[in-house]
1. Checking the cross-link filter: which aspartates and glutamates have an alpha carbon closer than 13 Å to that of Lys134, excluding same-chain neighbours under 8 positions apart?
2. From the cross-link list Lys29/Lys147; Lys100/Lys169; Lys61/Lys147; Lys29/Lys109, which pairs have alpha carbons spaced over 19 Å apart?
3. Give me the percent of accessible area attributable to carbon and sulfur for the chain, probe 1.4 angstrom.
4. Set the Förster radius R0 to 25 Å, insert the Cβ-Cβ distance between Ser125 and Lys61 as r into 1/(1 + (r/R0)^6), and round the FRET efficiency to 0.05.
5. Over the chain, what relative contact order in percent results from Cα pairs under 8 Å that are six or more residues apart?
6. Let me understand the stretch 81-159 better: what is its radius of gyration from the alpha carbons, and its Dmax, in angstrom?
7. What is the sum of charges, Lys and Arg at +1 and Asp and Glu at -1, for the other residues whose Cβ falls under 11 Å from the Cβ of Glu121?
8. For the pair His86 and Met148, what calculated FRET efficiency results from E = 1/(1 + (r/R0)^6), where r is the Cβ-Cβ distance and R0 = 30 Å, to the nearest 0.05?
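The values are calculated or read from the model by the stated rules, or taken from the named source; none is laboratory data. Computed from a predicted structure; not experimentally measured. All Cβ positions, glycine included, derive from the backbone under ideal geometry; neighbour counts span all protein chains shown. Calculation scope for accessible area: heavy atoms of the full protein, side chains included, ligands and nucleic acids excluded. Shrake-Rupley method; radii C 1.70, N 1.55, O 1.52, S 1.80 Å.
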Amino acid sequence: MWLWVLVYIVVAIVSLLFLLAIIGSLLSKSHEVAVSLDTPVPPEALWSLITDFPGQTRWRKQLREVRLISPGGGNPTWLEIGARGHRLPLQTIVSEPPRKLVRRIADPKLPFGGEWVFLIEPTASGSRVTITEKGEVYHPIFRLISKMFDMSSTIRTYLKDLEVAVQSKA
């Protein structure tokens with residue numbers, strides 16, 4: 001009797017995972033989200049803060065360490081190590097100081113990928129930075145789960161930390 005109960009439980013779990021995978025595969029693999037922040041500092045100062053990758057450990061709360069892993073002939077790749085130990089290699093693919101920075105995830109084995117586009121514009125009181133995430137979630141179950149959360153939360157956390165850093169420099 002217990003064997004049949006176990007069989008029913010296993011069949012139910014496998015059926016649920018299969019259903020989630022089907023639903024996830026029907027969702028778009030890619031997403032795009034943008035968030036902006038107005039700052040009291042000029043574009044050049046904002047650019048210096050954003051592009052000092054190793055220095056970001058001083059102001060990004062979720063970041064423990066940043067290492068250069070490949071100079072890349074103009075397209076350097078940096079490894080970001082988060083507070084919980086997760087590792088994310090990011091390659092700079094566009095650098096137009098102090099206006100535009102594009103960084104992409106440099107590990108094709110991850111279940112997600114994409115890039116962040118930083119655009120910095122001068123304003124009357126300083127500058128505005130807009131970060132656009134152009135992301136992809138490859139695994140259908142992860143894709144379904146990711147749609148249940150705020151896709152802009154990582155950008156918002158970054159910008160909140162950046163705002164604190166800018167205020168301490170202003």
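1. Of all the aspartates and glutamates, those that pass the test against Lys134 - Cα under 13 Å, at least 8 places apart if same chain - are Glu32, Glu115.
2. Lys100/Lys169; Lys61/Lys147
3. So the carbon and sulfur contribution to the accessible surface is 62 percent.
4. Numbers: r = 26 Å, r/R0 = 1.04.
Efficiency, rounded to the nearest 0.05: 0.45.
5. Working: 288 pairs, mean separation 47.6, N = 170.
Relative contact order here is 28 percent.
6. 14.4, 45
7. With Lys, Arg at +1 and Asp, Glu at -1, the net is +2.
8. So, using R0 = 30 Å, E works out to roughly 0.90.
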